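Reading through the structure tokens given below for one structure.
The values are calculated or read from the model by the stated rules, or taken from the named source; none is laboratory data. All figures in this text were calculated on a predicted structure; none of them were measured in a lab. Cβ placement follows ideal geometry from the backbone for every residue including glycine, while neighbour counts extend to all protein chains displayed.
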Amino acid sequence: MYNNVVITGTGSATPQKVVKNIDFKNHVFLNDDGTLFNKENQEIIEKFKAITGIEERRYAEDHLNTSDLAAQASEKAIISSELDRELLDLIIVAHNFGDVKKGSIQGDLLPSLATRVKNKLGIKNPNCVAYDILFGCPGWVQAIIQVNQAIKAGDATKALVIGAETLSRVVDVSDRDSMIFSDGAGATILEIKKEDKKRGVLSSAAQTYALEEAMYLYSGPTFNKGQDQNVNYIKMLGRKIYEFALTNVPKAIKLAMDKGGLDIQDVSKIFLHQANEKMDEAIVKRLYRLYQKPVQKNVMPMSIHKLGNNSVATIPILYDLVLNHQLEGHSISKNDNVIFASVGAGMNINAITYKL
């Protein structure tokens, strides 16, 4: 018998407010020194679409915060799993900025978002421990790794893991990178199942590069020198991140696959953090190159075109969409092997192999 750590329920929350690329046509984009960017907005938007694949993104309604989206996704995941919420041992929320109220200049992290979600779900059980994880975009994957470890250690049997973010409230509108980011939440229920065959979480790998890579994603002031330079926004060195990801993410995924005894031909789907379409395609291509194989057709589902990059929420939302046949052209079935992998601030990389 195997003690399998299995995803038994999923849910996602994508805001109703749709922001299309054309909505940025009147933005004033600046260079980091505060000077006017020397290209027309139409050209900026067209180049942005060609590189990232993003056509539109979702922003949270003014009255909703990150913890609200997290709770919405969690309700769906609990219903999906048919689990009594009072039996949960762990609630882990992966995020990066806390609850950032509309118009606020700071994130609210007290109490933790996990505590807020537990409150919103009405869970009374004090033995259900709730805490947050800050691990950049790979936060949801890392929380799954932690749950797997906790369950294998006998410290938990059932857990709720959430990735949620409202990045639209921490972007510098004068920075072209502001077009990448979006809002949303994805949630998963994990449980231990004693079964005859091995499935669920098979293996994992995680890495942190913290020398020169540490500041590839950072908090910094607006490019608009006429505004308060003491207020920080999400900033990134796009080219550095692209090169870093292409070099290191395929190797980290292979490390997880080697631990799980999987070959690339055993993998049905790769659920990769939805950061940039061209970057994700290049990562997958390099992964297959490590095995000296051509890329399998239709192996990488993409949600970034319509949902943008909502950080820790991208993978759980994407998995929920595919699992529920809501992403055209993609499906997964029992006994399929899939990969969850992400890269982000830290710089952190992680990957999980999972058998349905």
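Please tell me if Gln326 is in a loop (DSSP other than H, G, I, E, B), within 21 Å of Pro250 (Cβ to Cβ) and in the same structural domain as Lys251 (by TED's automatic domain parsing). The answer is no for Gln326. Flag not set for Lys278, criterion: in contact with a Ser or Thr (Cβ under 6 Å, 6 or more places away or on another chain), among the basic types (Lys, Arg) and loosely packed, with under 15 Cβ neighbours inside 10 Å.
Checked against (1) modelled with pLDDT under 95; (2) of a type in the set (Asp, Glu); (3) under 30 Å from Asp99 (Cβ atoms), Glu191 passes all but a single condition, namely (1). Of the residues examined, Leu287 is one that is over 17 Å from Val141 (Cα atoms) and surrounded by 22 or more Cβ atoms within 10 Å (Cβ to Cβ). Residues in segment 248-263 that are crowded, with 20+ Cβ neighbours inside 10 Å, over 26 Å from Ile180 (Cα atoms) and of a type in the set (A, V, I, L, M): Ala256, Met257. Selection of segment 22-33 for residues being buried (at least 19 other Cβ atoms within 10 Å of the Cβ) and touching a helix residue (DSSP H, G or I) at 6+ places or on another chain (Cβ under 7 Å) yields only Phe29. Among residues of segment 175-188 being at pLDDT 95 or above and not aliphatic (A, V, I, L, M), the one that is surrounded by the fewest Cβ atoms within 10 Å (Cβ to Cβ) is Phe181. Scan segment 119-141 and give yes if some residue there is among the acidic types (Asp, Glu) and out of contact with any Ser or Thr (no Cβ under 7 Å at 6 or more places or on another chain), otherwise no. No: zero hits. For segment 342-356, which positions are under 17 Å from Leu246 (Cβ atoms), assigned to a strand (DSSP E or B) and among the aliphatic types (A, V, I, L, M)? Listed by number, the residues that qualify are Val343, Ile349, Ala351.
Those strands (runs of 3 or more DSSP E) of segment 3-99 in which 3 or more residues are in contact with a Ser or Thr (Cβ under 8 Å, 6 or more places away or on another chain) and either closer than 22 Å to Asp183 by Cα or not aromatic (Phe, Trp, Tyr) (or both) occupy 56-59. Checked against the criteria, Lys158 does not count as surrounded by fewer than 18 Cβ atoms within 10 Å (Cβ to Cβ), among the basic types (Lys, Arg) and either modelled with pLDDT under 95 or under 30 Å from Lys76 (Cβ atoms) (or both). Here Asp336 meets each of (1) at pLDDT 95 or above; (2) within 27 Å of Phe97 (Cα to Cα); (3) surrounded by fewer than 22 Cβ atoms within 10 Å (Cβ to Cβ) with one exception, condition (2). Would you confirm, using the coordinates I've provided, whether Gly346 is modelled with pLDDT under 95 and crowded, with 18+ Cβ neighbours inside 10 Å? Answer is yes for this residue.
Out of all the residues in segment 3-60, which are among the aromatic types (Phe, Trp, Tyr) and within 21 Å of Gln274 (Cβ to Cβ)? Across segment 3-60, the qualifying residues are Phe24, Phe48, Tyr59. Would you pick out the residues in segment 148-193 that are closer than 11 Å to Leu90 by Cα and assigned to a loop (DSSP other than H, G, I, E, B)? Matches in segment 148-193: Asp155, Ala156, Thr157. In segment 299-314, is there at least one residue being touching a helix residue (DSSP H, G or I) at 6+ places or on another chain (Cβ under 8 Å), loosely packed, with under 15 Cβ neighbours inside 10 Å and either modelled with pLDDT of 95 or more or over 29 Å from Val28 (Cβ atoms) (or both)? No: zero hits.
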